[in-house]
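A.B. asks: Just passing along the structure, written as structure tokens.
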Amino acid sequence: MNTLLLSHEILVLVLALGILVADLWLPAPAKRKLGYVAAIGLALILCFSLFKMNLAADVPQYAFNKMYVLDSLALFFKRFFLLGTIVVVLMSIEFADRLDAGVAEFYALLLFALSGMLFAASTNDFALLFVSLELITITFYVLTSFQRSQLRSLEAGVKYLIIGALSTSFTVFGIALVYASSGKLNFAEIAAATAAVGGNQTFLCGLLLVMVGLGFKIAAFPFQIWAPDVYQGAPLPTSAFLAVGSKAAGFVLLLRVLFTAVPAVTAHWWRLIIIISGITILYGNLCALPQRNLKRLLGYSSVAHAGYLLLGIAALTPAGRSAVLYYLAGYLFTVLAAFTVICLVMRQIENEALSKLSESMQPV
């Protein structure tokens, strides 16, 4: 196996473990500076990816018996995740004085979540899809409830845990049904077997359950109920990372499954995707109108953006998939900019700062 293919994941995991080890020896006042180490390390990994990780003739490369693929789509999302995490880590440095303890652990957990996103970008097998999803989700369970002294953070963590466990159960059951009907887990092998099992009701039911699990991840209707509450209660950098990293990970998995594993089935689901997209857009925008809490407002905004992104998938064309990537690139900067502004103005207690900002949003 060519270990260079896994260089993004290996370097991020080494950086995360290095921060945990450094936490054992550094005095408490210096631990906040580990965030700068994490940001610089991620910047170096991103530079390495931009200048060294180029595919020859754009030919996909595989690892782990073709469970892992490195292609142009994977490289785009890996660089997307690295750039987004750099901004979130810098935001976490500003937010660090509001964490009671475990600042270095917070940075390390962000990096562990990033490693799951990097694996998700290269998923070419349902087994790796499940592993990458669990690595992301379990890490976010901790990050969401990291402010243990605040009831809202604990409540957000419990809600995310319950909904996350429910979505995982749908995903696992769906994968089991797909394997039972096709005998395959690799996306390319499933695509080749679709002609034989495409009309099998068990196979289609399994795919639908997998889509339900991914629907929770991207916060698409009717699986969006967790987003506003979790965004409001989670620490600000966690909310930003959920809005950008976790959502993008859900979409890259959705693209892999729909257009690599079952393109023939996807061609018949475009009406369903359009309907879900339209309802998601309406729900997110209409529910955002009466909001007076900025983080909750951004939570509903995230729901609406999931609907806009689904429109590109519903197009079922290469141009539509390119539009999804283009939209995500703009989404990265705008959403992180919004969360960064909120983080910078939150110099006082979070509720007080948000209430002052909310007062300026009241209609005259």
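The values are calculated or read from the model by the stated rules, or taken from the named source; none is laboratory data. No experiment lies behind these values; they were computed from the predicted model shown. A quick note on method: Cβ atoms are made from the backbone with ideal geometry, for glycine too, and the neighbour counts reach across all protein chains shown. For the accessible areas, the whole protein counts, side chains as well, though only heavy atoms, and no ligand, DNA or RNA atoms are used. Shrake-Rupley method; radii C 1.70, N 1.55, O 1.52, S 1.80 Å.
A.B. asks: Do we have Ile93 as part of a helix (DSSP H, G or I), more than 18 Å from the chain's Cα centre (by Cα), in contact (Cβ under 8 Å) with a residue 12 or more places away in the chain and over 24 Å from Val178 (Cα atoms) here?
C.D. replies: Working: part of a helix (DSSP H, G or I): yes; more than 18 Å from the chain's Cα centre (by Cα): yes; in contact (Cβ under 8 Å) with a residue 12 or more places away in the chain: yes; over 24 Å from Val178 (Cα atoms): yes.
Yes; evaluated as a whole, the condition is true for this residue.
A.B. asks: Answer yes or no: is there a residue in the range 229-248 that is over 22 Å from Arg152 (Cβ atoms) and not hydroxyl-bearing (Ser, Thr, Tyr).
C.D. replies: The initial filter retains those residues of the range 229-248 that are over 22 Å from Arg152 (Cβ atoms), namely 248.
Right, trim to not hydroxyl-bearing (Ser, Thr, Tyr) and you get 248.
Yes - at least one qualifying residue is present in the range 229-248.
A.B. asks: Can you work out which of the residues in the range 22-64 that are more than 23 Å from Leu110 (Cα to Cα) and loosely packed, with under 13 Cβ neighbours inside 10 Å is modelled with the lowest pLDDT?
C.D. replies: Across the range 22-64, the extreme among qualifying residues is Ala57.
A.B. asks: β-branched (Val, Ile, Thr), open to solvent by less than 20 Å² (accessible area, probe 1.4 Å) and under 29 Å from Phe241 (Cα atoms): does that describe Ile218?
C.D. replies: On the way: β-branched (Val, Ile, Thr): yes; open to solvent by less than 20 Å² (accessible area, probe 1.4 Å): yes; under 29 Å from Phe241 (Cα atoms): yes.
Here the answer is yes, as Ile218 does meet what is asked.
A.B. asks: If we scan the range 186-197, do we find a residue that is part of a helix (DSSP H, G or I), modelled with pLDDT of 85 or more and touching a strand residue (DSSP E or B) at 6+ places or on another chain (Cβ under 8 Å)? Even if it seems obvious, please write down each step before you answer.
C.D. replies: Here is the first cut: in the range 186-197, the residues part of a helix (DSSP H, G or I) are 187-197.
Next, from what is left, pick out any that are modelled with pLDDT of 85 or more: 187-192.
If we keep only those that are touching a strand residue (DSSP E or B) at 6+ places or on another chain (Cβ under 8 Å) too, we end up with 187.
Yes: one or more hits.
A.B. asks: Could you run through the range 2-21 and say how many residues are open to solvent by 80 Å² or more (accessible area, probe 1.4 Å) and at pLDDT below 85?
C.D. replies: 2
A.B. asks: Something else: Go through the residues of the range 128-144 one by one and say whether even a single one is open to solvent by less than 70 Å² (accessible area, probe 1.4 Å), of a type in the set (S, T, N, Q) and more than 30 Å from Ala261 (Cα to Cα).
C.D. replies: Checked the range 128-144: at least one residue is open to solvent by less than 70 Å² (accessible area, probe 1.4 Å), of a type in the set (S, T, N, Q) and more than 30 Å from Ala261 (Cα to Cα).
A.B. asks: Right, next: List pairs: first residue in the range 1-26 and touching a residue at least 24 places away in the same chain (Cβ under 8 Å) and more than 20 Å from Phe51 (Cα to Cα), second residue assigned to a helix (DSSP H, G or I) and among the basic types (Lys, Arg) anywhere in the structure, Cβ distance under 9 angstrom, at least six positions apart or on different chains.
C.D. replies: So the pair list comes out as Ala22/Lys31; Asp23/Lys31.
A.B. asks: Can you give me the ranges of the helices (runs of 4 or more DSSP H) entirely in the range 205-264 with at least 1 residues that are among the hydroxyl-bearing types (Ser, Thr, Tyr)?
C.D. replies: Details: elements: 227-233, 236-241, 247-256.
The qualifying helices (runs of 4 or more DSSP H) are 227-233, 236-241.
A.B. asks: One residue is enough: does the range 57-71 have a residue meeting the conditions of a type in the set (S, T, N, Q) and assigned to a helix (DSSP H, G or I)? Before the answer, list the steps.
C.D. replies: Here is the first cut: in the range 57-71, the residues of a type in the set (S, T, N, Q) are 61, 65.
This time we only want the ones that are assigned to a helix (DSSP H, G or I), so: none.
Checking the range 57-71: not a single residue is of a type in the set (S, T, N, Q) and assigned to a helix (DSSP H, G or I).
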